[in-house]
Amino acid sequence: MKFSVKTFDTGNITSDLLILVTYPDSHHTYNCLPDAVNADIKTIIPQINLSGDEKDLFISLNNSTIPYLLLITINHHDGNNLEDFREAGFYINKYFEKVKGKSAHCIVNLPNQNPEDVASAITEGLLLSAYSFSEFKSDAKKKSKINRHLTYLFKTSEYRSTITKHIKKIQIIATGVNYARTLANRPGNVLTPLALAKDVRSVFRDDPSIDVEVLQGKKLESLKMNAFLAVAKGSDQTPALIIIKYKSGLKKAKKLALIGKGITFDSGGISIKPAGKMEEMKYDMAGSAAVIGVLKAISALRPKLDIVAAIPAAENLPSGKAYKPGDIIRAFNGTTIEIINTDAEGRLLLADTLSFVEKKFRPDWMVDLATLTGSIVSTFGDQCCGIFSKDDSLLKYFHQAADKCDERVWAMPMWDEYKKPLESKVADIKHVGGKDAGSITAAKFLETFVTKTPWIHLDIAGTAYDLKSKKYLKEGASGFGVRLVLSFIEELQN
Ligand code: BES
Ligand code: ZN
Ligand code: ZN
C-alpha cells in the first residue's frame with residue numbers, strides 16, 4: 001500500500017473512492033472536488049444521523065471521476081480519540097476492498113486534531129485491518145493483490161513532511177505487528193520451536209546490527225536450564241532458546257531485555273486440557289511472536305538503546321517421557337521446584353529464561369510477555385492485559401505507552417502475601433499456588449527468579465487473539481504487545 005499527503009483545496013482529483021473524515025456538523029466545500037460532489041456532500045451531511053456504533057456511510061455517487069463516497073464521522077472534538085481514527089482505518093479498508101479500486105483519496109477536515117496523529121492512527125487501523133492470514137488458503141495465491149494507493153488530503157501543506165514521516169513509521173510498526181500475527185497464527189504442526197528459530201534467523205539475516213543465536217540440545221542441558229527442558233520432555237520437537245541481539249552502536253547504551261513465552265502448542269501435558277477450544281493453544285507463543293515483531297520493527301527504527309531478546313520455545317505434550325505432577329526440578333538458578341500441574345508450563349520456561357538473561361546479559365530492564373494464565377482472561381476478558389511489577393518507573397512508562405497506542409494495561413498487586421500459596425513441603429517452591437488469584441501467584445512465582453533487575457511481566461492471555469472488541473484486529477492473532485513495547489521503548493528514550 002502506498003500513501004501520499006496533499007491538500008484538499010488545490011487541483012481536481014480522480015478517485016475510485018473518496019473518503020471524507022469530518023465532524024457531523026461540519027460544512028465545507030472542497031476545491032479538489034467537482035461541484036456536483038460538493039453539492040452532494042452538502043445535502044448528505046445534514047441528513048445523516050449515525051447512531052450508536054455506526055460511524056460510516058457508503059454512497060454511490062452519480063459521478064464519473066468519483067464514483068463512491070465514504071463518509072466517516074468523528075464525534076469528539078477533543079483531540080483525544082485516536083481509537084476512532086484506527087476504526088476509520090478499518091472502514092476505509094473495508095470499502096476500498098469493496099470497490100476493488102486502486103486509488104482512494106481521504107479528505108481529513110478536522111480542526112482541533114493533530115494531523116500527524118490522525119494520519120498515523122488511520123494508517124495504523126487500515127494496515128492492521130488489511131492483514132489476513134492466508135498461507136494455507138489454496139485460492140489465496142490465485143488472487144492477485146492490487147497495489148493500492150491512498151492519498152490523504154489535509155487543509156494545508158504545513159505538516160506534509162512530518163505527516164509523511166509519521167506514516168512511514170506506522171508502516172514499519174504495522175509490519176512488525178502483522179509479522180507477529182502471522183507467526184502466532186501458524187499452526188503447531190508447522191510452527192515448531194525449530195521452525196520458529198529458522199524464521200527468526202532468516203528475518204534478521206541481512207541486518208548487521210542484529211545477531212541471532214539459537215541454543216538447543218546439549219547446550220541447554222549443560223547450562224542446566226532444567227525447568228525449561230522439563231516442559232519440552234514430552235514432545236518429539238526439540239526445544240530452542242532463541243536469542244536476538246540488537247546493537248545500537250552507541251557507547252554506554254542502556255540495555256533492555258525482552259522475553260517472550262514461546263510454547264508452540266500447549267496441550268497441558270500430563271495435566272491435559274479439555275478438548276474444547278484446545279486448538280487455540282497454538283497461540284501460546286504469542287508472547288514470543290510479539291517480541292520478534294518488536295525486533296523486526298526495531299531493525300528499521302534503530303532506537304538508541306541495546307536490546308536483547310530471549311525466547312524459550314518448546315511444545316507441551318503428554319507422553320511416556322513427559323514431566324509429571326509431583327516431579328521436583330532444579331532450575332537454572334538452583335531453586336528446586338515442585339511440579340503441581342503440567343499445564344502451568346509457561347512460568348517454568350520463563351523462570352529459567354529470566355534468571356539466565358539477568359545473569360548473562362545484565363540488562364537495565366527486563367520485560368516479559370506471556371499468554372500465561374486463564375485467570376487473567378477471567379479478570380479482564382480482551383479489554384487489557386495485566387501488568388505486574390514492583391518498579392514504579394516501569395509501571396509509569398507502561399501506562400504512558402499504553403495511553404499512546406491503546407493497547408491497554410492494568411497494574412495488578414504484587415504483595416508478598418500472594419507468595420504464601422507457593423510454599424512447598426518438599427521443595428524450595430511449588431509452581432502453582434491454587435486456583436485463587438492465579439495470574440498474581442504466577443507473577444509471584446516468576447518474581448523469585450529475578451534478583452535485582454527492574455522487571456515487568458505482561459500476562460497477555462486475554463488480548464493475544466480474537467479481539468472481539470477491536471474492529472481492526474478481530475480475527476486470529478492480534479499481535480498485542482508489539483505496539484505497546486515499541487511505545488514503551490520510545491518512552492524510555494524520552
Ligand atoms: N497457556 C495457558 C494459559 C492460557 C489460557 C492462554 C487461555 C490463553 C488462553 C497456560 O499455560 C495454562 O494453561 N495455565 C493454566 C495454569 C493453571 C494450571 C495453574 C491456567 O491458567 O489454567
Ligand atoms: Zn498450559
Ligand atoms: Zn501455556
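Identification of strands (runs of 3 or more DSSP E) wholly contained in region 199-299 with 3 or more residues that are on the phi < 0 side of the Ramachandran plot and either open to solvent by 10 Å² or more (accessible area, probe 1.4 Å) or more than 16 Å from ligand 3 (Cβ to nearest atom) (or both) yields 210-216, 240-246, 255-260. Within this structure, residue 335 fails the test of being among the hydroxyl-bearing types (Ser, Thr, Tyr), within 15 Å of ligand 2 (Cβ to nearest atom) and more than 20 Å from residue 189 (Cα to Cα). Just to be sure, is residue 304 charged (D, E, K, R), buried (at least 24 other Cβ atoms within 10 Å of the Cβ) and away from ligand 1 (no atom under 15 Å from the Cβ)? Spelling it out, it is not the case that residue 304 is charged (D, E, K, R), buried (at least 24 other Cβ atoms within 10 Å of the Cβ) and away from ligand 1 (no atom under 15 Å from the Cβ).
Checked against the criterion of being among the β-branched types (Val, Ile, Thr) and open to solvent by 10 Å² or more (accessible area, probe 1.4 Å), region 49-66 has at least one qualifying residue. Annotation note: of 172, 163, the sole residue that is open to solvent by less than 20 Å² (accessible area, probe 1.4 Å), of a type outside the set (S, T, N, Q) and either under 22 Å from the mean Cα position of the chain (by Cα) or at negative phi (or both) is 163. State yes or no: is residue 161 assigned to a helix (DSSP H, G or I) and at pLDDT 95 or above? Taking the combined requirement at face value, the residue satisfies it. Restricted to region 436-465, and to residues there that are within 16 Å of ligand 3 (Cβ to nearest atom) and more than 20 Å from residue 399 (Cα to Cα), the residue that is surrounded by the most Cβ atoms within 10 Å (Cβ to Cβ) is 442.
The single condition among (1) within 16 Å of ligand 3 (Cβ to nearest atom); (2) of a type in the set (Gly, Ala, Ser); (3) more than 23 Å from residue 482 (Cα to Cα) that residue 374 does not satisfy is (3). Surrounded by 20 or more Cβ atoms within 10 Å (Cβ to Cβ), aromatic (Phe, Trp, Tyr) and farther than 23 Å from residue 163 by Cα, is that true of residue 91? Against the criterion (surrounded by 20 or more Cβ atoms within 10 Å (Cβ to Cβ), aromatic (Phe, Trp, Tyr) and farther than 23 Å from residue 163 by Cα), residue 91 does not qualify. Considering each residue of region 319-333 in turn, none proves to be assigned to a helix (DSSP H, G or I), surrounded by fewer than 21 Cβ atoms within 10 Å (Cβ to Cβ) and in contact (Cβ under 8 Å) with a residue 60 or more places away in the chain. Of 360, 419, all but one fail to be closer than 29 Å to residue 242 by Cβ, out of contact with any His (no Cβ under 8 Å at 6 or more places or on another chain) and open to solvent by 70 Å² or more (accessible area, probe 1.4 Å); the exception is 360.
Residue selection: residue 80 fails the criterion of being modelled with pLDDT under 95, in contact with a His (Cβ under 9 Å, 6 or more places away or on another chain) and over 19 Å from residue 18 (Cα atoms). Of the residues making up region 337-346, just one is more than 8 Å from ligand 1 (Cβ to nearest atom) and either more than 24 Å from residue 323 (Cβ to Cβ) or open to solvent by 20 Å² or more (accessible area, probe 1.4 Å) (or both), namely 338.
When residue 400 is tested against the conditions (1) farther than 23 Å from residue 345 by Cα; (2) free of Cβ contacts under 8 Å to residues at least 24 places away in the same chain, the lone failure is (2). Of the set (1) closer than 14 Å to residue 119 by Cα; (2) in contact with a helix residue (DSSP H, G or I) (Cβ under 9 Å, 6 or more places away or on another chain); (3) of a type outside the set (D, E, K, R); (4) surrounded by 18 or more Cβ atoms within 10 Å (Cβ to Cβ), all apply to residue 177 but (1).
To keep it simple, each residue is scored yes or no on (1) without any contact (Cβ under 8 Å) to a residue 12 or more places away in the chain; (2) more than 18 Å from residue 297 (Cβ to Cβ); (3) not hydrophobic (A, V, I, L, M, F, W, C).
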residue	(1), (2), (3)
118	no, yes, no
121	no, no, no
130	no, no, no
135	no, yes, yes
151	no, yes, yes
154	no, yes, no
169	no, no, yes
177	no, no, no
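Annotation note: Cβ proximity below 8 Å between a residue of region 268-293 that is within 23 Å of residue 198 (Cα to Cα) and in contact (Cβ under 8 Å) with a residue 40 or more places away in the chain and a residue that is in a helix (DSSP H, G or I) and within 14 Å of ligand 3 (Cβ to nearest atom) (sequence gap 6+ or interchain) occurs for 282/184; 283/184; 284/346; 285/184; 286/184; 289/184.
Yes or no: region 355-368 includes at least one residue that is acidic (Asp, Glu) and either part of a loop (DSSP other than H, G, I, E, B) or within 15 Å of ligand 1 (Cβ to nearest atom) (or both). Among the residues of region 355-368, at least one is acidic (Asp, Glu) and either part of a loop (DSSP other than H, G, I, E, B) or within 15 Å of ligand 1 (Cβ to nearest atom) (or both), which makes the answer yes.
The values are calculated or read from the model by the stated rules, or taken from the named source; none is laboratory data. If you're wondering where the values come from, they're calculated on a predicted model, not measured in any experiment. Here Cβ is always computed from backbone atoms with ideal geometry, including for glycine, and neighbour counts include all displayed protein chains. Side chains are part of the model used for accessible areas, which takes the heavy atoms of the whole protein and leaves out ligands, DNA and RNA. Shrake-Rupley method; radii C 1.70, N 1.55, O 1.52, S 1.80 Å.
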